[in-house]
Amino acid sequence: MDIKNLQRENIKNLRPYSTARDEYKGQASVFLDANENSFGSPLPENFNRYPDPLQLDLKDAISKIKGVPIENTFLGNGSDEAIDLLFRAFCNPGKDNVIILPPTYGMYEVSANINDVEIRKVNLLPNFQLDLEGIAEAIDANTKLIFICSPNNPTGNSIIRTDIETVLANFNGLVIIDEAYINFAKQRTFIQELTEYPQLVVLQTFSKAWGLAGLRLGMAFASSITIDILNKVKAPYNISQSTQDLALAALQNIGQVNEWIKITVAERELLSKQLLELPMIRKVYPSDANFILAEVDDANGTYDALVEQGIIVRNRAKITLCEGCLRITVGTPAENSILLSALKSLKP
Ligand code: PMP
């Protein structure tokens, strides 16, 4: 399978923007090439220089943790940027299509709509696993991308590994596995399978387990050909210097992150059990993520009552296969007990 032939013709022929710093080789100390402010920044730290367009120091640090080479790593302004770039690089507006598997993360559809790319929806089965036959039927010659979210948002479950492998073995476009919640899962990541599957793209993010949603930093791991295409299309300086500096500093604190993951997983199991004991809770779905999908007697009423007490959960009552459900992020132990007391106080 030739990834180069999957990209749009205009992208294949694109001469990417060449930054000032791309155009010289060797050592330099006087930079008069990029129209920056040579005096400095009105801040304790200087941000007057443009950042490294390819974020090599940060990728090097990420590579040491993930075991994925730099040439297989793309960094974006959140994984949302990688999702959008996949559409822009590979999908011809008004001609190509992509497959999504609802109920799932909402941005795949929004990005498709922004880019005027047809969406083919193949709902998950009632057990929230892949409808492999449905997917096979939906694929045609213009299908460029299939998005598989595992663990899936908003259902919380991981997708059965062998089912994902079946899609990888049978589809001639890019298979994007969104692993935003992988740190909370029992299931192994797919980032070690990149050499086996050239069409695989794995998305991960600093927004969940790493506690850096405000920084906006996402990762895409893929074949070097796919990564080169994304780099060609992205804005030259898509990751700010401050984001690169802060993410590098955060990577030194992996111990803290692993500790939070452990607590979150333990709290998830405890909260699931405690929710099930409440009469209003009809079902708590097993979760491999840092949130719980729960079916309640009156989702809209419960949602409103919680808002009144200053507690915000996500109302998923109108989403296919999630009728009557609320999605609840696992909070700190203190926050989880506030939620439980509030639910207990609601009149039946
Ligand atoms: N993928 C999934 C499955 C998500 O739930 C989210 C955020 N809710 C994202 C991607 C986006 O993450 P980021 O903050 O890295 O853009």
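Would you mind finding the one in ASP33, ASP57 that is acidic (Asp, Glu), farther than 28 Å from THR155 by Cα and modelled with pLDDT under 95?
Among ASP33, ASP57, only ASP33 is acidic (Asp, Glu), farther than 28 Å from THR155 by Cα and modelled with pLDDT under 95.
Quick grid of which residues meet (1) surrounded by fewer than 22 Cβ atoms within 10 Å (Cβ to Cβ); (2) more than 21 Å from the chain's Cα centre (by Cα); (3) farther than 25 Å from LEU326 by Cβ; (4) assigned by TED's automatic domain parsing to the domain that holds LEU85:
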position	(1), (2), (3), (4)
TYR108	no, no, no, yes
VAL117	no, no, yes, yes
GLY134	yes, yes, yes, yes
GLU137	yes, yes, yes, yes
LEU145	no, no, yes, yes
CYS149	no, no, no, yes
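Hey, among the residues in the stretch 187-213 that are more than 14 Å from the chain's Cα centre (by Cα) and either within 18 Å of LEU58 (Cα to Cα) or in a loop (DSSP other than H, G, I, E, B) (or both), which one's nearest to the ligand (Cβ to nearest atom)?
For the stretch 187-213, the residue satisfying everything is GLN187.
Show the residue pairs that are 6+ apart or on different chains and have beta-carbon atoms under 8 Å apart, the first residue being within the stretch 178-198 and in contact (Cβ under 8 Å) with a residue 60 or more places away in the chain, the second being in a loop (DSSP other than H, G, I, E, B) and more than 14 Å from the ligand (Cβ to nearest atom).
Cβ pairs passing all conditions: ILE191/GLY67; ILE191/VAL68; GLN192/GLY67; LEU194/VAL68; LEU194/SER223; PRO198/MET1; PRO198/SER223.
Answer yes or no: is there a residue in the stretch 42-54 that is surrounded by 22 or more Cβ atoms within 10 Å (Cβ to Cβ) and in contact (Cβ under 8 Å) with a residue 40 or more places away in the chain.
So far as the stretch 42-54 goes, no, none of its residues is surrounded by 22 or more Cβ atoms within 10 Å (Cβ to Cβ) and in contact (Cβ under 8 Å) with a residue 40 or more places away in the chain.
Which ranges mark the strands (runs of 3 or more DSSP E) fully within the stretch 233-348 that have 3 or more residues being closer than 19 Å to ALA180 by Cα and not small (Gly, Ala, Ser)?
In the stretch 233-348, the matching strands (runs of 3 or more DSSP E) lie at 291-296, 325-329.
Residue check, VAL68 against (1) in a loop (DSSP other than H, G, I, E, B); (2) free of Cβ contacts under 8 Å to residues at least 60 places away in the same chain, all met but one. Which one?
(2)
Results for (1) within 14 Å of THR73 (Cα to Cα); (2) surrounded by fewer than 17 Cβ atoms within 10 Å (Cβ to Cβ); (3) of a type in the set (A, V, I, L, M, F, W, C); (4) assigned by TED's automatic domain parsing to the domain that holds ALA138, shown as yes or no for each residue.
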residue: ASN172; (1), (2), (3), (4): no, yes, no, yes
residue: PHE190; (1), (2), (3), (4): yes, no, yes, yes
residue: THR195; (1), (2), (3), (4): yes, yes, no, yes
residue: LEU203; (1), (2), (3), (4): yes, no, yes, yes
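For the stretch 291-310, name all the residues that are surrounded by fewer than 17 Cβ atoms within 10 Å (Cβ to Cβ) and touching a residue at least 12 places away in the same chain (Cβ under 8 Å).
Once the filter is applied, which keeps residues that are surrounded by fewer than 17 Cβ atoms within 10 Å (Cβ to Cβ) and touching a residue at least 12 places away in the same chain (Cβ under 8 Å), the stretch 291-310 yields ASP297, ASP298, ASN300, ALA305, GLN309.
Filter the stretch 63-106 down to the residues that are polar (S, T, N, Q) and within 12 Å of the ligand (Cβ to nearest atom), then identify the one that is surrounded by the fewest Cβ atoms within 10 Å (Cβ to Cβ).
Out of the qualifying residues, it is ASN77.
Pairs only if they're at least six apart or on different chains, beta carbon under 6 angstrom, first in the stretch 311-330 and in contact (Cβ under 8 Å) with a residue 24 or more places away in the chain, second part of a strand (DSSP E or B) and of a type in the set (Asp, Glu); list them, first residue then second.
Matching pairs, first to second residue: GLY324/GLU295; CYS325/GLU295.
The values are calculated or read from the model by the stated rules, or taken from the named source; none is laboratory data. Here the structure is a predicted model, which is why all the values come from computation and not from measurement. Note that we place each Cβ from the backbone using ideal geometry, even for glycine, and neighbour counts take in every protein chain shown.
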